[in-house]
1. Go through the residues of the stretch 269-279 one by one and say whether even a single one is under 30 Å from TYR174 (Cα atoms), surrounded by 18 or more Cβ atoms within 10 Å (Cβ to Cβ) and modelled with pLDDT under 90.
2. Can you name the number of the only condition in (1) farther than 24 Å from PRO16 by Cβ; (2) open to solvent by less than 10 Å² (accessible area, probe 1.4 Å) that GLY289 fails?
3. Somewhere in the stretch 133-149, is a residue modelled with pLDDT of 50 or more and more than 27 Å from LEU52 (Cα to Cα)?
4. If you take the residues in the stretch 1-12 that are charged (D, E, K, R) and in contact with an Asp or Glu (Cβ under 6 Å, 6 or more places away or on another chain), which one is least open to solvent (accessible area, probe 1.4 Å)?
5. Give the residue, chosen from VAL156, VAL185, that is surrounded by fewer than 23 Cβ atoms within 10 Å (Cβ to Cβ), assigned to a helix (DSSP H, G or I) and β-branched (Val, Ile, Thr).
6. Looking only at the stretch 69-77, decide whether some residue is open to solvent by less than 20 Å² (accessible area, probe 1.4 Å), part of a helix (DSSP H, G or I), at pLDDT 90 or above and among the polar types (S, T, N, Q).
7. Would you confirm whether or not the stretch 29-37 contains a residue that is closer than 30 Å to ALA169 by Cα and touching a Phe, Trp or Tyr at 6+ places or on another chain (Cβ under 8 Å)?
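The values are calculated or read from the model by the stated rules, or taken from the named source; none is laboratory data. Bear in mind that the values here come from a model prediction, so they are computed numbers and not experimental data. All Cβ positions, even for glycine, are placed from backbone atoms using ideal geometry, and neighbour counts span all protein chains on display. Only protein heavy atoms, including side chains, enter the accessible area calculation; ligands, DNA and RNA are left aside. Shrake-Rupley method; radii C 1.70, N 1.55, O 1.52, S 1.80 Å.
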Amino acid sequence: MASMVGDLFEVETIMPPGADPHVFQASAQQVNLMMEADLLVVNGANFEEGLLDVIKSAESDGVMVVEAMSFVEAIESDGHDDHDDHDEEGHDDHDDHDEEGHDDHDDHDDHDEEGHDDHDDHDDHAHHDHGGIDPHFFTDPARMASVVEGLSAFLVQNFPAIDEESLLASSNAYLGELNSLDSEVEEMLSSIPEGSRKLITNHSVFAYFADRYDFEILGSIIQSSSTLDSASAKDLADLVSVIEDENVSAIFADAASSDTLAQVLADEAGDIQVISLFTESLGEAGSLGSTYIDMVRTNAELISGGLTN
């Protein structure tokens, strides 16, 4: 978020690096920050499961809330996150995150008091029923670019006191980085043979990545977009069969959550590596996933290496 707004807004990130957004609980101080914010930028589609009550309460108290999901072409989750299932309604043909569920504080007190009620295109907030929409749009940098475009327009509309020229300069610079990243990732993944462009993941998080870069998701250990769900013995047995039938060489786990089940599956399948990706959160400062750009690039490198070795 800070990369696209520069110094025009004071940005507070509620979830720390490495946090699992499905279970994260805010501290009393963080709740207070959210309740006093001029704007809450959230991922949406129930991604921030542990914060839904706080987000709903803040919105009820008049805090402006906008969902990153409202700017992207969404994919429906059917329990297996088949990447061919798209939300036919889309979202005004927008294609990206804020993968962290951010809290944004404006340094300006004179924001548009009616902005909360007027942004009709964004009234599907995080606590509403999203009909099984996959929230992990941020695995696709092209969709992230759409969020930057949509959020920039939203800020200009709802915060007229800010310097529009400076905001657009910052957001356009970041858009250039995202577009370059998208091309870089596509080139990096081009070395993977068509028959190897198949993913087994810890839980259903890469549907947007698969949609963007032409991968097939063979299955997930946890067949849900939430880490709060679990896998059955039958699920694991079925995945072992898939791995053997498809000659899968790697299982991709989540750096922000336990890889125990992935390791169990690898042991059952035999001769298969478990590779941890930055999927739900940025990495710690200094890590290979400390920024969004680094996170996506690192994941692409790891996926490419895991499927071509």
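1. yes
2. Only one criterion in (1) farther than 24 Å from PRO16 by Cβ; (2) open to solvent by less than 10 Å² (accessible area, probe 1.4 Å) is unmet by GLY289, namely (1).
3. Taking the stretch 133-149 as the starting set, the residues that turn out to be modelled with pLDDT of 50 or more are 133-149.
So of that shortlist, the ones also more than 27 Å from LEU52 (Cα to Cα) come out as none.
No, every residue in the stretch 133-149 fails to be modelled with pLDDT of 50 or more and more than 27 Å from LEU52 (Cα to Cα).
4. Keep residues of the stretch 1-12 that are charged (D, E, K, R), which gives 7, 10, 12.
Cutting the leftovers down to in contact with an Asp or Glu (Cβ under 6 Å, 6 or more places away or on another chain) gives us 10, 12.
Numbers: GLU10: 84, GLU12: 58 Å².
Once the filter is applied, the top-ranked residue is GLU12.
5. Details: VAL185 fails: surrounded by fewer than 23 Cβ atoms within 10 Å (Cβ to Cβ).
Only one candidate passes the filter, namely VAL156.
6. The initial filter retains those residues of the stretch 69-77 that are open to solvent by less than 20 Å² (accessible area, probe 1.4 Å), namely 69-72, 74-75.
Still in the list and also part of a helix (DSSP H, G or I): 69-71.
If we keep only those that are at pLDDT 90 or above as well, we get 69-71.
Right, trim to among the polar types (S, T, N, Q) and you get 70.
Within the stretch 69-77, one or more residues are open to solvent by less than 20 Å² (accessible area, probe 1.4 Å), part of a helix (DSSP H, G or I), at pLDDT 90 or above and among the polar types (S, T, N, Q).
7. There is no residue in the stretch 29-37 that is closer than 30 Å to ALA169 by Cα and touching a Phe, Trp or Tyr at 6+ places or on another chain (Cβ under 8 Å).
This table checks each residue for (1) of a type in the set (Phe, Trp, Tyr); (2) under 22 Å from SER152 (Cα atoms).
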position: ALA2; (1), (2): no, yes
position: VAL5; (1), (2): no, yes
position: GLU12; (1), (2): no, yes
position: ASP20; (1), (2): no, no
position: PHE24; (1), (2): yes, no
position: ASP61; (1), (2): no, no
